[in-house]
Each structure stands twice: as C-alpha cells, then as structure tokens.
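So the structure is just underneath, and the comments pick up after that.
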Amino acid sequence: PDKQQDQDDESAAQRPRYATDTPSALISPERAYQLNDSRRTALLQKAIQLALQVKGKDAVLLDLSDFSLCAGLAAVNGATNVYSVESSSGTLPMTAARVAQIGNNLRRENARVDILQCHAEQLTLELFEGAPAAIVVAEPYYEILEGWNLQEALNYYYLVRALRGRGVVSPTACVVP
C-alpha cells in the first residue's frame with residue numbers, strides 16, 4: 001500500500017500544473033506567449049499608428065480578430081471610431097474586452113470603442129452607421145484556428161475580401177497586417 005501511494009504521489013508531481021477547470025486553462029501557453037511578446041505588440045502598434053496617420057483618427061476602424069487587442073491598441077493611439085468583432089461564445093471574452101477598455105481608459109468622450117459579438121460574416125454597414133471601414137486590423141488570431149497559422153492568414157484574407165465585396169470595408173481601406 002505504501003509503495004502504491006508513493007507511485008500515485010510521483011504521478012501527480014509529473015502532471016501539468018494547471019487543471020482544465022481553472023482560468024489558466026482558458027488560454028494555451030502559445031497564446032499566452034503571443035500576448036506577452038512585446039516585439040509582436042510593438043510591430044502591431046506601429047502598423048496601426050501608420051494606418052491612423054494615413055486614414056485619420058476618426059476613420060471607421062474594424063478589428064476582425066478575437067480578443068480586441070488591435071482595437072485596444074488603436075484606441076490607445078487615439079482612434080475615435082473603433083469596432084471589434086468578438087466571435088467567441090460565452091461571457092469571458094466580452095468581460096475581458098470590457099475590463100481592457102476600463103483598464104486603458106478607453107471610454108472617452110467623443111470616442112467609440114464598441115465590441116460586436118458576432119461573426120465577421122454578419123457585419124453590415126448599419127452597424128457602422130453607414131460608413132464602410134477605412135481601416136481593418138487583426139492580429140490575426142482566431143480561437144478556433146489557434147496553431148493553424150496559414151489557415152488564420154487565409155481566413156483573414158478572405159474575410160477582408162468578402163467584406164470589401166459587400167461594401168462593409170472600403171475598397172481603399174488600409175489593412176493591417
């Protein structure tokens with residue numbers, strides 16, 4: 001019996017340090033690394049700053065990726081008309097996005113930072129008050145395609161292409177990346 005207990009304790013010590021029902025299991029280690037890679041974030045921020053210089057800070061800016069990272073970066077850099085698509089289900093993604101807005105003081109007077117819980121295919125001009133998106137941003141990160149980098153890039157390309165075809169994104173929009 002003591003030998004069995006020692007084996008059980010040894011097995012437990014070799015198990016991963018996080019359980020599937022804890023908050024640490026909500027994002028993968030790869031995603032955590034992405035979110036903490038300061039060079040990656042700085043590159044996205046520079047590209048967004050350039051797009052804002054080209055199109056103006058009042059242009060309709062659309063973040064097509066889950067998590068609203070680029071929308072937050074744009075708002076912090078002065079964008080005043082920001083929309084972010086959150087296609088994940090459940091309340092956690094929306095709560096995280098709202099906390100990020102509050103934490104970064106993004107609820108500014110004369111500025112809009114809206115999170116649209118829908119899929120990109122459901123976007124219409126009416127959601128943007130009739131003006132097509134002049135800037136489209138994304139990480140691109142899609143929860144369902146995590147780890148499938150080529151598929152994520154192709155998904156982003158085809159989403160932007162389809163939204164341009166429907167007039168939701170301007171034909172002359174700046175697209176990041």
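No lab work stands behind these numbers, since they all come straight from the coordinates. What you see is a predicted model; the values in this text were computed from it and never measured. Here the Cβ is made from the backbone with ideal geometry for all residues, glycine too, and neighbour counts use every protein chain on show.
Residues with amide H under 5 Å of TYR141's amide H, sequence separation 5 or more or different chain, H placed in the peptide plane at 1.01 Å from N; which?
Answer set, sorted by chain and number: ASP66.
Evaluate the distance, in nm, between pseudo-label points positioned 7 Å from the Cα of ALA131 and of ARG166 along their respective Cα→Cβ axes.
2.1 nm
Efficiency by 1/(1 + (r/R0)^6): what FRET value for GLU121 and ALA153, r their Cβ-Cβ distance, R0 = 22 Å, to the nearest 0.05?
0.80
Using 0.36 nm times the number of residues separating ILE144 and LEU43, minus their current alpha carbon distance, what extension gain do you get?
34.0 nm
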